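Below: the structure, in structure tokens.
The values are calculated or read from the model by the stated rules, or taken from the named source; none is laboratory data. Everything numeric in this text was worked out from a predicted model, so none of it was measured. Quick reminder, even Gly has a Cβ in these numbers, built from the backbone with ideal geometry, and neighbours come from all protein chains shown. When the accessible area is computed, the model is the full protein with side chains, heavy atoms only, and any ligands, DNA or RNA have been set aside. Shrake-Rupley method; radii C 1.70, N 1.55, O 1.52, S 1.80 Å.
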Amino acid sequence: MKVVIVGYGSMGHEVESVLLQRGHKVICRVDPAGNGDAKTVSPDLLREAEGVIEFALPDGILENIRIYSETSVPAVIGTTGWDKLRSQAGDIVKQNKSALLWGNNFSLGANLFFDLVSRAAALINSIEEYDIMVNEYHHKRKKDSPSGTALTIAEKILQNLDRKKVIQPETLNRTIRDDELHVGSVRGGSIPGIHRVTLDSDADTIEISHTARNRGGFALGAVRGLEWLSGKTGFFSVDDFIRDILPS
Ligand SMILES: NC(=O)c1ccc[n+]([C@@H]2O[C@H](COP(=O)([O-])OP(=O)(O)OC[C@H]3O[C@@H](n4cnc5c(N)ncnc54)[C@H](O)[C@@H]3O)[C@@H](O)[C@H]2O)c1
């Protein structure tokens with residue numbers, strides 16, 4: 001496919017190398033910082049494009065999505081921080097009968113992990129002896145706690161385990177309630193990201209963990225997402241894509 005990359009920062013560069021490895025062609029890189037071939041997205045620039053992959057900042061994202069949609073170029077949006085604009089973006093895509101796939105975490109491994117955690121939580125729904133908790137570790141420069149990925153994991157557990165009702169991310173100076181799911185965050189060193197889910201009973205402990213090694217997993221998920229999106233029409237989330245490629 002002939003692909004335009006929007007946002008040519010660390011993720012843009014990762015996406016470019018995965019696209020080339022998988023036999024695609026990068027026809028243009030867009031970045032306002034001047035390190036690409038163009039500074040803004042325009043319909044003219046997309047004339048030959050068969051796909052767009054965007055990992056940029058959310059300023060002006062609706063204008064970009066309007067251009068992708070009006071030119072009917074399938075777009076994968078990895079940019080985060082535009083959750084409040086999601087329904088407007090969906091309307092633009094539906095009006096134009098175009099194709100867009102968005103996701104806050106395109107890592108195939110992380111999405112497999114979400115599925116494993118969902119199944120584990122569903123399995124202990126009827127085995128009351130097991131409690132469940134979440135822990136995550138990240139490098140000392142990370143600004144948010146808990147990580148967005150840890151919150152997604154916690155939401156999956158709440159969706160699948162009736163006895164947990166509330167996500168509790170704080171340090172507690174009291175005993176934890178049975179309906180609270182504790183999510184702990186540790187910061188230090190250079191760790192790209194470790195997420196661990198622990199199932200614990202009086203008799204034993206089961207741990208499921210995901211350890212990110214680099215950012216290549218996000219880029220691979222986005223490129224595979226674009227391959228999946230090609231030929232479709234609609235406003236899709238990464239969950240739709242993953243559900244479709246995983247056996248049921
Ligand atoms: N969905 C995922 O799986 C996933 C994974 C990693 C990062 N991200 C997100 O991807 C985005 C980029 O991450 P990064 O690590 O590459 O950041 P980065 O800072 O290395 O690069 C961002 C680039 O986008 C450019 N940019 C800013 N506004 C733009 C615009 N309107 N149009 C085009 N380019 C623009 C910047 O000049 C910069 O070069 C962030 O929103 C980040 O949270 C998502």
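Protection proxy ranking of 17-24, 59-66, by the mean of other Cβ atoms within 10 Å over each peptide's residues and highest first, is 59-66, 17-24.
What you get for the chain, charging only the Cβ of Lys and Arg (+1) and of Asp and Glu (-1), is a dipole of about 680 debye around the Cα centre. Each Cα pair under 8 Å and six or more residues apart adds its separation to the average, and for the chain the resulting relative contact order is 21 percent. Note on residue 10 and residue 230: with the Förster distance fixed at 25 Å, the Cβ-Cβ geometry gives a FRET efficiency of about 0.50.
Each of 159, 223, 149 was scored by the projection of its Cα onto the charge dipole of the chain, and the greatest displacement toward the positive side belongs to 223; charges sit on the C-beta of Lys, Arg, Asp and Glu.
Using a probe of 1.4 angstrom and keeping all protein chains present, the accessible surface of the stretch 108-211 works out to 57 square angstrom per residue.
Sparse packing (at most 16 other Cβ atoms within 10 Å of the Cβ) combined with a DSSP loop state is found for the following trypsin sites (Lys or Arg not before Pro) in the stretch 69-104: 97. Placing +1 on the Cβ of every Lys and Arg and -1 on the Cβ of every Asp and Glu, with no other charges, gives the stretch 96-213 a dipole of roughly 860 debye about its Cα centre. Here's the picture: a label point sits 7 Å out from the Cα of residue 97 along the beta-carbon direction, and within the stretch 66-82 the residues with their amide nitrogen under 20 Å of it are 66-75. Spacing of the modelled spin labels on residue 2 and residue 214, each 7 Å from Cα toward Cβ, amounts to 3.0 nm. Model label points for residue 86 and residue 20, set 7 angstrom from Cα along the Cα-to-Cβ axis, are 3.5 nm apart.
Considering only DSSP beta bridges whose two residues both sit in the stretch 108-211, what percent are antiparallel, to the nearest 5? Given both bridge residues lie in the stretch 108-211, the antiparallel proportion sits at roughly 65 percent. Using DSSP, restrict attention to beta bridges with both residues in the chain and report what percent are antiparallel, rounded to the nearest 5. Within the chain, antiparallel bridges account for around 35 percent of the total. Probe radius 1.4 Å, ligands and nucleic acids ignored: give me the carbon and sulfur share of the accessible area of the stretch 108-211 as a rounded percent. With neighbouring chains kept in place, the figure for the stretch 108-211 is 49 percent.
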